[in-house]
Every structure is written in structure tokens, then in C-alpha cells.
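J.: Okay, here's the structure, questions in a sec.
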Amino acid sequence: MNIIVITTLVITVIGIVVGAGLVFTGKKFHVEVDERETAVREVLPGNNCGACGFAGCDALAAAIAKGEAPVNACPVGGAPVAEKIGAIMGADAEAVERNIAFVKCKGDCSVTKRQGNYVGVMDCRSVALNGLSINACDFGCLGLGSCAAVCPEDAIQMKDGVAVVNRWKCVGCGLCAKACPKGLIELVPEHNRVAVQCSNRDRGPQVKQVCSAGCIGCAICVRQCQFEAITVENNLAHVNYANCTQCGACVEKCPVKVITPPVAAAQSV
């Protein structure tokens, strides 16, 4: 009987000592959390994509609360999230336009050809690192889906050998752009109606040999644009989105129809 009592007392004392130690340790090492940081974190979308330049939403919330990042730093949340965070921080949020991913390649199976049957790791980066050329166009989409694999929103699918973005699902995180070894994906303003869906920098005759939908560098689009929003560099047309007024003249006059409204290109799949 005495053994049971003594054991109970010992366990009780140990529990009290451990509990007191935990309380003391908790108070000594307690880190004050800014209530604004918690409020900002609740507003952020939680994608943890890193598109803001920070290691996830927790890190961004902490930076915003400390004044180390602007209230509109989240490209995924856009203007609605920026406004809510601005209200929390007592700061005005500048308008932030949502971006969507745009694949600068129109080379599906109907306009270009494969040079052979690829058998290997189904990853674009592996093919690029090994210097393999599986398509007639060396600049085109490899079609093995590295971009789709990293998309947290399942917004990219491979269709007829080329990546296609679902604009309704895309949150503009930019992970697909980082994953593409060919650099074929860029983020464009959601409202934009003009983008060049090609990345081939060869001369026109060479482009025609490998893809019937490639940019031939003819510069007709440049001559059509009254706002100096299009230039041709290295035989490839480029759009300056800041200057573009969405008039659509270049889209209409492009002889190979490679200047495509992103809304049409980033179709639902």
C-alpha cells in the first residue's frame, strides 16, 4: 500500500515540476505574433506557390505585417486580396491586374511533325538536358507535360502535343513558366487580347519547313500597329503589353495567324 502511495506522489510531483517547467519555458521563449500578420495570412489564398518572391504565404504575411512587402504583393489574389490586406494594414492598395499563363507555341500535331517516337522519361526538362530534338521545330513545345506536372491548380493539359492553359483555373503563379526548359510560357495581363503564339527565331523559309503556324518575321504586324507596340527581333514578333491598345489590327493582318488573343489560346480544356 505504501508503495502505491509513494509512486503516486512521485508521479504527481514529477508532473507538477514538468508542467511548471513548460510554463516557464513557454513564457521565456514566447514570440509575440502581430495580429495583423495573422489577419493577412487568413486573407491570402494559400497556394504557397512562391510567385510573390517569398517562401509561401506565411512568409509573405510576415513580410507585409513588417512593412517589408507591399499589400499587393500576391499576384494570385489580385486586386480583391490586395484591397482586403490594404484595409488590414491601413494602406491603399494599387490596382493589381491578374495575370494568366500564355504558351508561346501553336505547334500542335496539325501544323508540325515529330521527328521520331520518343521513348524515355516523360519530362521536358530531361529531354532538353540531354539535347534531344523530338520535334521538327527545335523551338516548339516538347509536349511531355513538365508544366502541367507543377501546376497546383491543374490548369494545364497537353492537347495534340502542345500545352494548353485553362484560363479559368490559372492563378498566374508562374510555376509553369519556371518549369518549361524552352521558355515558352509567359505571364500576360488577363485583359490582353494580343500575344505572339510562337518562339521560333529562324528565318521565315526555315520556319515554314517545320511549322505552318510559326511566325515568319515578315513585320506586317509592325507596320499595322500605330502605337509601336510590336517589334520584330531575331525574326520573331514581340508585343509590348504596356503600349498595346488591343485594337486587333495585327491579329487581323498576320498572314500565318500566329498573333493570337490569349483568351482564345488559353481555352478551357
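The values are calculated or read from the model by the stated rules, or taken from the named source; none is laboratory data. No experiment lies behind these values; they were computed from the predicted model shown. So basically every Cβ, Gly included, is an ideal-geometry build from the backbone, and we count neighbours across all protein chains shown.
J.: I'm trying to understand the selection: among the residues of segment 101-152, which are of a type in the set (A, V, I, L, M, F, W, C), over 25 Å from the mean Cα position of the chain (by Cα) and at pLDDT 85 or above?
T.: Across segment 101-152, the qualifying residues are V111, A136.
J.: So, in segment 101-125, how many residues would count as being surrounded by 16 or more Cβ atoms within 10 Å (Cβ to Cβ), outside any loop (DSSP other than H, G, I, E, B) and touching a Gly at 6+ places or on another chain (Cβ under 9 Å)?
T.: Qualifying residue count for the region: 3.
J.: Name the helices (runs of 4 or more DSSP H) wholly inside segment 126-214 in which the number of residues that are touching a strand residue (DSSP E or B) at 6+ places or on another chain (Cβ under 8 Å) is 2 or more.
T.: Qualifying helices (runs of 4 or more DSSP H): 146-150, 175-179.
J.: List, please: which pairs have Cβ atoms under 9 Å, are six or more places apart or on different chains, and start with a residue in segment 180-206 that is farther than 16 Å from A101 by Cβ and end with one that is part of a loop (DSSP other than H, G, I, E, B) and acidic (D, E)?
T.: Sorted first by the residue in segment 180-206, then by its partner, the pairs are N200/D138; D202/D138.
J.: Also: Is it the case, given these coordinates, that A87 is more than 21 Å from L184 (Cβ to Cβ), surrounded by fewer than 15 Cβ atoms within 10 Å (Cβ to Cβ) and small (G, A, S)?
T.: yes
J.: Next up: Return the residues of segment 246-266 that are modelled with pLDDT of 90 or more and either part of a loop (DSSP other than H, G, I, E, B) or among the polar types (S, T, N, Q) (or both); say none if nothing qualifies.
T.: Result: C254, P255, V256, K257, V258.
J.: Hey, another quick one. Would you mind telling me which numbered condition in (1) assigned by TED's automatic domain parsing to the domain that holds E42; (2) among the basic types (K, R); (3) touching a residue at least 40 places away in the same chain (Cβ under 8 Å) K66 fails?
T.: That leaves (3) as the condition not met.
J.: Checking R98 against (1) of a type in the set (K, R); (2) at pLDDT 85 or above; (3) crowded, with 16+ Cβ neighbours inside 10 Å: exactly one of these is not met. Which one?
T.: Against the list (1) of a type in the set (K, R); (2) at pLDDT 85 or above; (3) crowded, with 16+ Cβ neighbours inside 10 Å, R98 comes up short only on (2).
J.: Would you mention how many residues in segment 96-143 are in contact (Cβ under 8 Å) with a residue 60 or more places away in the chain, under 30 Å from G86 (Cβ atoms) and out of contact with any Cys (no Cβ under 7 Å at 6 or more places or on another chain)?
T.: Adding up the residues that qualify gives 4.
J.: Next question, about the same structure. For segment 243-254, check the following and say yes or no: at least one residue is aliphatic (A, V, I, L, M) and either more than 17 Å from V162 (Cβ to Cβ) or within 25 Å of the chain's Cα centre (by Cα) (or both).
T.: Yes, segment 243-254 contains a residue that is aliphatic (A, V, I, L, M) and either more than 17 Å from V162 (Cβ to Cβ) or within 25 Å of the chain's Cα centre (by Cα) (or both).
J.: Now for a separate question. Which condition number does L187 fail, the rest of (1) within 15 Å of the chain's Cα centre (by Cα); (2) farther than 25 Å from C52 by Cα being met?
T.: Failing condition for L187: (2).
J.: Out of all the residues in segment 42-84, which are closer than 20 Å to P189 by Cα and either assigned to a helix (DSSP H, G or I) or among the hydroxyl-bearing types (S, T, Y) (or both)?
T.: G78, A79, P80, V81, A82, E83 - these are the residues of segment 42-84 that are closer than 20 Å to P189 by Cα and either assigned to a helix (DSSP H, G or I) or among the hydroxyl-bearing types (S, T, Y) (or both).
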